[in-house]
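To start, the structure under review is shown below, and the notes come after it.
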Amino acid sequence: MINLNRLDLNLLLTLDVLLREHNVTRAAQRLNLSQPSVSVQLARLREIFDDPLLLSGPRGMQPTVRADELREPLRQALEALERAVSPVNAFDPARASVTWRIAATDYTESAVLLPLLSTLRRDAPASRLAVFELNPGQIKRQAEQGDIDLFFHLREGAPASLHQRLLFTERYVLAGRLGHPALKRRPSLKQFCQLEHVIVSPEGGGFQAATDDALAARGLTRNVVLSVPHFLFMLDALARTDLVAVLPERLVATTGTLQVVDPPVELAGFDMLMLWHERLHRDPGHKWLRQQILGVLGNADGANTP
């Protein structure tokens with residue numbers, strides 16, 4: 001058994017940062033300490049736990065099994081202690097100096113963050129917003145480690161361990177340039193398949209999407225001639241060529257530069273969620289931010305699920 005009298009809070013804080021960074025130099029920078037001081041504290045921690053905790057390797061320091069076992073319980077204990085000693089003050093957006101870190105795709109940047117920006121600049125002028133590219137495979141880790149505060153993600157594949165709030169249900173439309181001769185009205189299935197299509201392939205290089213699956217069920221295929229990783233380039237390509245695309249309606253609802261009609265094939269829409277970790281669930285500032293997002297999307301009364 002470890003004698004708790006040999007531990008102090010500073011040692012635990014240092015261990016928490018070391019288990020995140022796996023690097024003494026970076027840990028020292030985050031703790032605002034010198035590298036020798038952190039090395040001394042690591043030596044004390046190794047003695048107390050009777051374990052090396054972090055081992056030098058070709059790719060930096062690697063945690064031992066004991067260190068991996070300590071990581072999450074230690075983080076939870078420190079967060080509980082922080083909540084216990086921190087007063088809960090009302091959040092004043094007009095005076096708050098806070099940086100919010102949000103992970104989004106270029107689609108949710110357009111559909112969610114753009115409508116939010118004017119509200120943030122008006123009501124929280126001292127705040128800052130850092131937008132990161134959404135990496136679905138890293139959401140759970142980034143949320144647990146506190147790297148990202150808020151995520152926008154489809155209901156499908158959303159980590160069940162995070163809080164979820166429905167933002168909206170999206171539908172698909174068919175879009176092309178203004179005056180496109182094939183989009184004066186809804187095209188027939190035959191006309192639709194003959195048009196030249198562009199699709200977004202987030203992983204890059206894909207020429208197959210949900211629309212193609214729906215067509216295949218009818219024994220049909222369409223003519224996909226361009227695959228791009230982002231929506232921004234797609235929208236420019238549509239405006240300058242005779243290409244068409246099936247895309248989320250919110251992406252083109254306010255552009256004014258594209259012709260939009262319903263596609264001739266039935267396509268299922270999708271639910272867009274807002275996700276966040278339990279550690280931020282009751283934070284007054286984070287609650288305020290979530291409410292502003294819901295407000296600008298007209299969904300202040302949407303359902304909240306654990």
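Just a few scattered comments:
- Within segment 232-258, the set of residues being modelled with pLDDT under 90 and touching a Ser or Thr at 6+ places or on another chain (Cβ under 9 Å) comprises LEU232 only.
- PRO73 satisfies every condition listed in (1) closer than 25 Å to HIS277 by Cα; (2) touching a residue at least 40 places away in the same chain (Cβ under 8 Å) except (2).
- Residues of segment 150-192 that turn out to be over 31 Å from the mean Cα position of the chain (by Cα) and open to solvent by 20 Å² or more (accessible area, probe 1.4 Å), as a count: 11
This table checks each residue for (1) in contact with a Ser or Thr (Cβ under 6 Å, 6 or more places away or on another chain); (2) exposed (fewer than 14 other Cβ atoms within 10 Å of the Cβ); (3) closer than 23 Å to LEU247 by Cα.
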| residue | (1), (2), (3) |
| --- | --- |
| ASP106 | no, no, yes |
| ALA111 | no, no, yes |
| PRO125 | no, yes, no |
| ILE139 | no, no, no |
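- Taken over segment 14-64, the criterion of being open to solvent by 70 Å² or more (accessible area, probe 1.4 Å) and either part of a helix (DSSP H, G or I) or within 23 Å of GLN142 (Cβ to Cβ) (or both) is satisfied by ARG26, GLN29, ARG30, GLN35, PRO36, VAL40, ARG44, ARG46, GLU47, ARG59, GLN62.
- Here GLY206 clears all of (1) assigned to a loop (DSSP other than H, G, I, E, B); (2) open to solvent by less than 30 Å² (accessible area, probe 1.4 Å); (3) closer than 16 Å to LEU267 by Cβ except the condition numbered (3).
- Subset of segment 79-91 (residues that are surrounded by 12 or more Cβ atoms within 10 Å (Cβ to Cβ) and assigned to a loop (DSSP other than H, G, I, E, B)): PHE91
- Lone unmet requirement of (1) touching a residue at least 60 places away in the same chain (Cβ under 8 Å); (2) assigned to a loop (DSSP other than H, G, I, E, B); (3) among the hydroxyl-bearing types (Ser, Thr, Tyr) for SER110: (2)
- Residue check: GLY60 meets all listed conditions (1) among the small types (Gly, Ala, Ser); (2) touching a strand residue (DSSP E or B) at 6+ places or on another chain (Cβ under 8 Å); (3) at positive phi but one, namely (2).
- Scanning segment 193-203 for residues that are at pLDDT below 95 and open to solvent by 40 Å² or more (accessible area, probe 1.4 Å) yields PRO202, GLU203.
- Residue check, LEU120 open to solvent by less than 60 Å² (accessible area, probe 1.4 Å), more than 25 Å from ARG75 (Cβ to Cβ) and without any contact (Cβ under 8 Å) to a residue 40 or more places away in the chain: no
- Hey, LEU150 among the hydrophobic types (A, V, I, L, M, F, W, C), closer than 20 Å to PHE91 by Cα, in contact with a strand residue (DSSP E or B) (Cβ under 6 Å, 6 or more places away or on another chain) and touching a residue at least 60 places away in the same chain (Cβ under 8 Å) or not: yes
The values are calculated or read from the model by the stated rules, or taken from the named source; none is laboratory data. All values derive from a computational prediction rather than experimental measurement. Counting neighbours? That spans all protein chains shown, and the Cβs are built from the backbone with ideal geometry, glycine included. With ligands, DNA and RNA removed, areas are computed over all heavy atoms of the protein, side chains included. Shrake-Rupley method; radii C 1.70, N 1.55, O 1.52, S 1.80 Å.
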